[in-house]
Amino acid sequence: MKAKGINFEARVINDWNYLRKIKSKDISEHLCDIAFNKNIESIKYIPNRYKRKYSKDVIKNNWLLYNYCDTQDFTLEDWVEVIPYINITFSNLNKSEQKIFEKIASDLINNFEDNTISSFLEKQFESEMIDKFYKDGYFIITKRLSTIYKMIKYKFSNFDDFYSFLDGDLTNSDIYEYNFDGIDLKKYNLDNVAINSTVLIKNGLYDDTFYNEAIKPLLSQSNELVKVENTNIPMLHENDVLPYQSGDFMRRISIYYISDIHIDNKIASKFKDHATEKEIEYYVKTIVDKMIDSMPSEVVGKFILIAGDVSSSFKISKIFYQKLVERNRISSKKIICVLGNHELWNLDRASDNNVDSIVKLYKKMFDELGITFLQNELLVIGDDFQIITESEIESMTEDALKKKTFESQLTIFGGIGFSGYNPDFNASKLIYFDAVPTLEEDKKLTNKFNSLYTKLKDCLSNRKIIILTHHPKQDWSTDNYNSNWIYINGHTHKNVYEKNSDKQLYADNQVGYFNEDVRLKRIDYSLKCNIFNDYEDGIHLISLEQYLLFYRKMGYSISCKLQGEFYLLKKNDILMFIYKNDNGNLYIMNGGRQNRLNYKNIEYYFNNMDNYSIIIKEGTKSYYEYINQLSDYIKSIGGSGNIHGTIVDIDFYNHVYVNIYDGKITPYWAASMDYKIVYSSFQELLSNHCPKMLENMNSNKNELVVMKNELIPSGGEFYEDTKIYRESRIMKKIQYLIDDNIIRVWNDNLLEEKEIKLLIEN
């Protein structure tokens, strides 16, 4: 109980808080017992190797200390014992307390699928019914805890328990796979319940009305057009390889896309003799579930783009989009669609069979569902959603279009596109049936789309725009690709992905007629909008309002109330903002703060800013290559990977600091800037706080970035120093230049020395 002459036992008996001052290796279980018996808050300083012993008592007495506990080996029985002591109303907690309880809820959901746990959580949060279904021998009910967007499950092994839990309400249940042997279906209300039509036929309850109206027309589709296809296997590109990251949603979103689902062909193949409407809905729902389940559960910042050919039947298309809106977790207006040539087949003759009538029919449906639909239209997303119609694009001047899209963070031009420039596969081959009966009409529609596209290209070529069409660009345009724009299309059933300096083409998720592996693919899209993009190189006097708007559109929150002149310096896409006060002194703007400059000559800074940026970028190149490699690896094992200054986030509490002088790393857990626990290795940190990531790390085929010896080599040691944050703030300023081409720190000495000496050298 002594080390270096210090009687630890006596010190801890006198003051339990003294435990925090003892090195981890010198703390015995006996010392922990003493401290814990005096105050359960001592769990904060008890080494990880002993925490399990005390954790149950801590949670029973003060669950707010949960983050300091070790519950990874808790059994269901342990939790059943503990949860009666967590008797709270979530809405009455403050934000800090809510975060802790959200962590408890998340851990319970991730580790246990048990009715007792689900019932406990449902009492704490508002919930909504999501699914009622039968799968793999169990009746399952899923509900969403709407406050925290987490799903809970109830499982039952027999129908009576399932029925009783629902109080007899089977509405919208999907029990298609249950055979109902020995059960008299006539006893139950089966309205809006998905049951296998074979079961209904056996019980004398089958109605063939829907099948005759909606499915039989699909069986007679032209065999000449629906050929056995040789669809390429969708390849993985860089966005597909890395896990979804939710931490940077203010500046980046994920665009998910798909085309050529052809659900009607799949239905016609699967249901050759009979099916109910609910049965078809159930099948369509399974397709939709595969789509939605292919993207992560986080909802912030997602868009889904559908490039046509969902179905040749309006009724089936409507079922698909209804199920998509019901199942999807994002706003329906973030589902953005165009039609394909198969939508124009209109096999069930839901409208007059011409393009205008079919477009109106689908537009009405999409409006009712809240889905964004584009046909020769430009979607502009800034503070809200605006659609510039075909006639408005035609009538607007180029300056008006530039002004309209000035603050747009996401701009999409969409439509079918048509195939008038394709000499081999166009309307003459009946690809639209009688909706577009001739090549002449095809060319007319193609020219209309191309003229709109050309006008946008002439005036908005330097903006970021997504071109969403069914037909590939070569079908409707002979121009080169715009390297600033992203092109998404379908139609060919030949998956193509190209991303280089000349072209960004994502036509690599065309599902095809017979493929039932319906998954979304992803583009990581920057929301940053540079409102000075159209400005020429030079020195420009701007207003404070323009300065603040620039940062807001770049996704950063700053405040500034300075009175004086603001100048934008722009040179070779490098930006720098200078403030001039009434005395003529110059200051470089660092977000909402200003730093005094040595010279009063703005031209000096304009003339040197390109060389200055090169010096910084070259001087920090190896450091950022290294920290980005580390970030990518953390992403590959399921972590955040968000970089801010010298720190890479693993998750909310766990981080890695990378020293700017020697590249040594410090893995640490932090409850605050002052309270940190440092670990001897990356693996040790994961073992204590992120075991699932450690599992991913051990199974990861990619090799870990070679990490140099840690800055602080003692495992699990309390560490108060805040030096890492000071250094991180310095590098954060430089990071703006690396990420956004904005100079926010100026040192005249760098121009003389022409190098940065304090960063990592290979």
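Conditions (1) over 19 Å from residue 540 (Cβ atoms); (2) of a type in the set (Ser, Thr, Tyr); (3) touching a Phe, Trp or Tyr at 6+ places or on another chain (Cβ under 8 Å), marked per residue:
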residue	(1), (2), (3)
584	no, no, no
624	yes, yes, no
637	yes, no, no
652	yes, no, no
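Counting only residues that are outside any loop (DSSP other than H, G, I, E, B) and touching an Asp or Glu at 6+ places or on another chain (Cβ under 7 Å), which one in segment 248-284 is nearest to residue 494 (Cα to Cα)? Steps first, answer last, please.
Let us first name the residues in segment 248-284 that are outside any loop (DSSP other than H, G, I, E, B), namely 252-259, 263-270, 277-284.
From what's left, touching an Asp or Glu at 6+ places or on another chain (Cβ under 7 Å): 252, 254, 259, 266, 282.
On the way: 252: 29, 254: 24, 259: 11, 266: 19, 282: 29 Å.
In this case the residue turns out to be 259.
Return yes or no: is residue 35 within 25 Å of residue 156 (Cβ to Cβ) and modelled with pLDDT of 90 or more? Write out each step before concluding.
On the way: within 25 Å of residue 156 (Cβ to Cβ): no; modelled with pLDDT of 90 or more: yes.
In short, no.
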Checking residue 570 against (1) farther than 30 Å from residue 432 by Cβ; (2) of a type in the set (D, E, K, R); (3) modelled with pLDDT under 95: exactly one of these is not met. Which one? (3)
Of all residues in segment 1-32 being polar (S, T, N, Q), over 44 Å from the mean Cα position of the chain (by Cα) and at pLDDT 90 or above, the one that is surrounded by the most Cβ atoms within 10 Å (Cβ to Cβ): 28
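Working only within segment 440-481, note down all residues that are β-branched (Val, Ile, Thr) and in contact (Cβ under 8 Å) with a residue 60 or more places away in the chain. Steps first, answer last, please.
To start, the set of residues in segment 440-481 that are β-branched (Val, Ile, Thr) comprises 446, 454, 465-467, 469, 478.
Those that are β-branched (Val, Ile, Thr) and in contact (Cβ under 8 Å) with a residue 60 or more places away in the chain: 466, 469.
Select, from 177, 128, the only residue that is over 30 Å from residue 98 (Cα atoms) and in contact with a strand residue (DSSP E or B) (Cβ under 6 Å, 6 or more places away or on another chain).
Numbers: 128 fails: over 30 Å from residue 98 (Cα atoms).
Being over 30 Å from residue 98 (Cα atoms) and in contact with a strand residue (DSSP E or B) (Cβ under 6 Å, 6 or more places away or on another chain) holds for just one of 177, 128, which is 177.
Residue-by-condition table, conditions (1) at pLDDT 90 or above; (2) of a type outside the set (D, E, K, R):
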| site | (1), (2) |
| --- | --- |
| 244 | no, yes |
| 248 | no, no |
| 251 | no, no |
| 256 | yes, yes |
| 262 | yes, yes |
| 301 | no, yes |
| 305 | yes, yes |
| 308 | yes, yes |
Taking segment 339-383 and keeping only residues that are assigned to a loop (DSSP other than H, G, I, E, B), touching a residue at least 40 places away in the same chain (Cβ under 8 Å) and over 29 Å from residue 211 (Cβ atoms), one is left with 370, 374, 375, 376, 382
For residue 117, are the conditions met, namely being assigned by TED's automatic domain parsing to the domain that holds residue 152, among the hydrophobic types (A, V, I, L, M, F, W, C) and in contact (Cβ under 8 Å) with a residue 12 or more places away in the chain? yes
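In segment 434-527, which strands (runs of 3 or more DSSP E) lie fully inside it and hold 1 or more residues that are surrounded by fewer than 21 Cβ atoms within 10 Å (Cβ to Cβ) and touching an Asp or Glu at 6+ places or on another chain (Cβ under 8 Å)? If you could, list the steps in order and put the result at the bottom.
Values: elements: 466-469, 486-488, 496-499, 504-507, 521-526.
Correct list: 496-499, 504-507.
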For residues that are closer than 28 Å to residue 42 by Cα, of a type outside the set (D, E, K, R), more than 27 Å from the chain's Cα centre (by Cα) and part of a strand (DSSP E or B), tally how many sit in segment 653-677. 2
For residue 336, are the conditions met, namely being under 30 Å from residue 132 (Cα atoms), surrounded by 17 or more Cβ atoms within 10 Å (Cβ to Cβ), touching a Leu at 6+ places or on another chain (Cβ under 9 Å) and not assigned by TED's automatic domain parsing to the domain that holds residue 129? yes
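Mind counting the residues in segment 706-747 that are hydrophobic (A, V, I, L, M, F, W, C), at pLDDT 50 or above, out of contact with any strand residue (DSSP E or B) (no Cβ under 7 Å at 6 or more places or on another chain) and closer than 17 Å to residue 666 by Cβ?
Within segment 706-747, residues that are hydrophobic (A, V, I, L, M, F, W, C), at pLDDT 50 or above, out of contact with any strand residue (DSSP E or B) (no Cβ under 7 Å at 6 or more places or on another chain) and closer than 17 Å to residue 666 by Cβ number 2.
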Cross-chain or 6+ apart pairs with Cβ under 9 Å, segment 659-685 first and over 16 Å from residue 49 (Cα atoms), then among the acidic types (Asp, Glu) and modelled with pLDDT of 80 or more: 667/684
Reported set for segment 538-558 where residues are in a loop (DSSP other than H, G, I, E, B) and either in the same structural domain as residue 463 (by TED's automatic domain parsing) or in contact with a helix residue (DSSP H, G or I) (Cβ under 8 Å, 6 or more places away or on another chain) (or both) is 554, 557, 558
Can you pull out the residues in segment 313-338 that are assigned to a loop (DSSP other than H, G, I, E, B) and small (Gly, Ala, Ser)? 313, 331
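Output the residues belonging to segment 308-331 that are of a type in the set (Ser, Thr, Tyr) and touching a Phe, Trp or Tyr at 6+ places or on another chain (Cβ under 9 Å).
Restricting attention to segment 308-331, the residues satisfying the condition of being of a type in the set (Ser, Thr, Tyr) are 311-313, 317, 321, 331.
311, 312, 313, 317, 321 - these are the residues of segment 308-331 that are of a type in the set (Ser, Thr, Tyr) and touching a Phe, Trp or Tyr at 6+ places or on another chain (Cβ under 9 Å).
Of all residues in segment 391-424, count the ones that are crowded, with 17+ Cβ neighbours inside 10 Å, touching a residue at least 60 places away in the same chain (Cβ under 8 Å) and outside any loop (DSSP other than H, G, I, E, B).
Taking segment 391-424 as the starting set, the residues that turn out to be crowded, with 17+ Cβ neighbours inside 10 Å are 393, 396, 401, 404-405, 408-422.
So of that shortlist, the ones also touching a residue at least 60 places away in the same chain (Cβ under 8 Å) come out as 393, 408-410, 412, 414-417, 419.
Those still in the list that are outside any loop (DSSP other than H, G, I, E, B) too: 393, 410, 412, 414-415.
The qualifying residues number 5.
Of the residues 413, 425, 385, 418, which is farther than 22 Å from residue 486 by Cβ and assigned by TED's automatic domain parsing to the domain that holds residue 485?
Details: 413 fails: farther than 22 Å from residue 486 by Cβ; 385 fails: farther than 22 Å from residue 486 by Cβ; 418 fails: farther than 22 Å from residue 486 by Cβ.
425 is the lone residue from the list that is farther than 22 Å from residue 486 by Cβ and assigned by TED's automatic domain parsing to the domain that holds residue 485.
Could you say which residue among 154, 134 is under 23 Å from residue 187 (Cα atoms), in contact (Cβ under 8 Å) with a residue 24 or more places away in the chain and in contact with a helix residue (DSSP H, G or I) (Cβ under 9 Å, 6 or more places away or on another chain)? Before you say what the answer is, go through the steps one by one.
Details: 154 fails: under 23 Å from residue 187 (Cα atoms).
Result: 134 is the single residue among 154, 134 that is under 23 Å from residue 187 (Cα atoms), in contact (Cβ under 8 Å) with a residue 24 or more places away in the chain and in contact with a helix residue (DSSP H, G or I) (Cβ under 9 Å, 6 or more places away or on another chain).
The values are calculated or read from the model by the stated rules, or taken from the named source; none is laboratory data. Here the structure is a predicted model, which is why all the values come from computation and not from measurement. So basically every Cβ, Gly included, is an ideal-geometry build from the backbone, and we count neighbours across all protein chains shown.
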